[in-house]
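Have a look at the structure below, then the notes.
The values are calculated or read from the model by the stated rules, or taken from the named source; none is laboratory data. Model, not experiment: these values are computed from the prediction. Cβ placement follows ideal geometry from the backbone for every residue including glycine, while neighbour counts extend to all protein chains displayed. With ligands, DNA and RNA removed, areas are computed over all heavy atoms of the protein, side chains included. Shrake-Rupley method; radii C 1.70, N 1.55, O 1.52, S 1.80 Å.
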Amino acid sequence: MTTLDLQHVIDRNKVGPLQRKVLLLCLGVVVLDGLDLAVVAYIGPPLLADWGLSKAQLGPVITSGLLGMALGSLVAGPIADRIGRRKIILASMVFFGVMCAATALAPNVVWFSILRLLTGFGLGAALPNATTLVSEYAPVRRRGTMMALTYCGHTLGGAIAGFLTSLVVEVASWHWALVAAGVLPLAYAVVVYFALPESPKYLARQAGREAELLGLVNRIVPENFPPGTRFALNEPAVDAKVRVAGLVARRFRLGTAAIWIGFSAAFFIVYLTNSWMPILMTDIGFSLTAAATMGLLLQAGGTLGNLGIGSAMDRFGMHRTVVAAMGCASVMFVLVAVAPPNVLVLGTLMFVMGMFTNTCGTAFPIIGAAFYPTSIRATGTSWATGVARFGAIGGAAIGTVLVAAGLNYHQVFLSLLIPGAVCILAVIVKGRRARTPAGEPVAGRVSARS
């Protein structure tokens, strides 16, 4: 009976049709995740007018969804390492679709916030598991690129949310924007159910599923292995009954801390700008359509940046690429802060800024997927995302405080230099002091260029 290293088999072949199919299906999941997250920011102005709310009262509406995402990420990762990525992705899509549509029925801020909390729980479970699944189908030389392409869906979904909301609000009301954002993932879940396969690396960890894994590997690569062939993972064992405990085992501890801190700082920036930028722009006289257009440009810049950051990380190294990107983002914060309130000028700056801020958020799951072995990979990426969501909550909450205090966009964007510096420092520590643990050749090959 022949036993082969599964990752080596994937690495020695080109990216095939099944891997591209998994990438596209997971991209669709992430697009809808980004759409359902961003839609609340764009219905903010009409919601304020309809319910007669102050900007401070809108804070719980925005932060409740982020809190739900944090909880969803923390819970879903360990479960996915036990029952599989595919089941969690499907369950989360159905859950956040139903909850998003139900939010349209909310009679007040309290119920709206509760339903957004539940919607966020599903959103938080979907994103890290979709990207983890893509990473486990990818050859190591293309892992960063494929994961970054998947993350393009988040910014693309945010851009679609801006146009969807402005279109629906013009012909109906903000309620129907939530209904549309809920129905779309429910319809797509049917496609995912029939078309998305389970992770080969997850199957390789499951006793009694060797035949299923063999059939899947023969669909991934063109080598056509004979019956009886077995596949193993050349990775260090994680001696922890509770998978979360493995993240803070001695060989992972410093790297985990650096990833959590850097990721939280990056998400602080992304979600402060995404959540409050439409309202900051309408405050200085721009129409909802103009604010939505600038939001689109911010997300479009993030999408373009995501297309490039994965290949840049594969080519130049994960850590130095993220440091350079956040350094460029910090320059853009200053330029936006000193820019005049002109749609063309601010729109251009938002586009460039989005190229760097959103891509830094994308980079950390790629770093995590290379850092953690399969047995705790979904836990590692999900917990990193979940912890980072508290940074996102901090960004949205601080945005509430800053806007309620009367700060304008000049001052708000200058304040982003602080989390930018924190992110850079954390990545430097991760790159110099906490490289991928010895014993996992796949991750080691990636980090060697870091």
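Data table
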{"item": "At 1.002 mPa s and 20 °C, Stokes D of segment 1-102 from Kirkwood alpha-carbon radius, µm² per second", "result": "126 µm²/s"}
{"item": "Estimated FRET transfer efficiency (Leu414, Asn13; beta-carbon r; R0 60 Å; 0.05)", "result": "0.75"}
{"item": "Computed over the chain, Cα set: Rg, Dmax in Å", "result": "21.2, 72"}
{"item": "Estimated distance in nm for a label pair at Ala245 and Thr3, the labels positioned 7 Å out from Cα along Cα-to-Cβ", "result": "2.6 nm"}
{"item": "Length gained when the stretch Ala102-Thr289 is fully extended (0.36 nm per residue, less Cα-Cα span)", "result": "64.7 nm"}
{"item": "Using θ = phi - 60° and Karplus 6.51 cos²θ - 1.76 cosθ + 1.60, couplings along segment 294-309 (whole Hz; Gly, Pro as x)", "result": "5, x, 4, 5, 4, 6, 5, x, x, 5, 5, x, 5, 5, x, 5"}
{"item": "Acute angle (nearest 10 degrees) that the helix 343-371 long axis makes with the longest principal axis of the chain, alpha-carbon atoms", "result": "30 degrees"}
{"item": "Ordering of 412-419, 31-38, 282-289 by burial proxy (mean other Cβ atoms within 10 Å per residue, highest first)", "result": "31-38, 412-419, 282-289"}
{"item": "Principal-axis tilt of helix 143-171 within the chain, Cα atoms, nearest 10 degrees", "result": "30 degrees"}
{"item": "Exposure ranking of His319, His154 by accessible area [1.4 Å probe, largest first]", "result": "His154, His319"}
{"item": "Additional length obtainable on full extension of the chain from Ile114 to Arg433, 0.36 nm per residue less Cα span", "result": "110.7 nm"}
{"item": "Peptide ranges 403-409, 23-29 listed from the most packed, as the mean C-beta count within 10 angstrom indicates", "result": "23-29, 403-409"}
{"item": "Distance-filtered residues of segment 101-121 - backbone nitrogen under 17 Å, label point 7 angstrom along Trp51 Cα→Cβ", "result": "101-120"}
{"item": "For Ala232, distant residues with modelled amide H under 5 Å away", "result": "Leu4, Asp5, Leu6"}
{"item": "Residue-by-residue Karplus 3J(HN,Hα) for segment 66-74, coefficients 6.51, -1.76, 1.60, Hz, glycine and proline x", "result": "5, 4, x, 5, 4, 5, x, 5, 5"}
{"item": "Degrees between helix 17-42 axis and first principal axis of the chain (Cα, 0 to 90, nearest 10)", "result": "20 degrees"}
{"item": "Pairwise FRET efficiency - Ala211 versus Phe163, Cβ, R0 = 60 Å, nearest 0.05", "result": "0.80"}
{"item": "Carbon/sulfur fraction of accessible area - the chain, other protein chains in place, 1.4 Å, %", "result": "68 percent"}
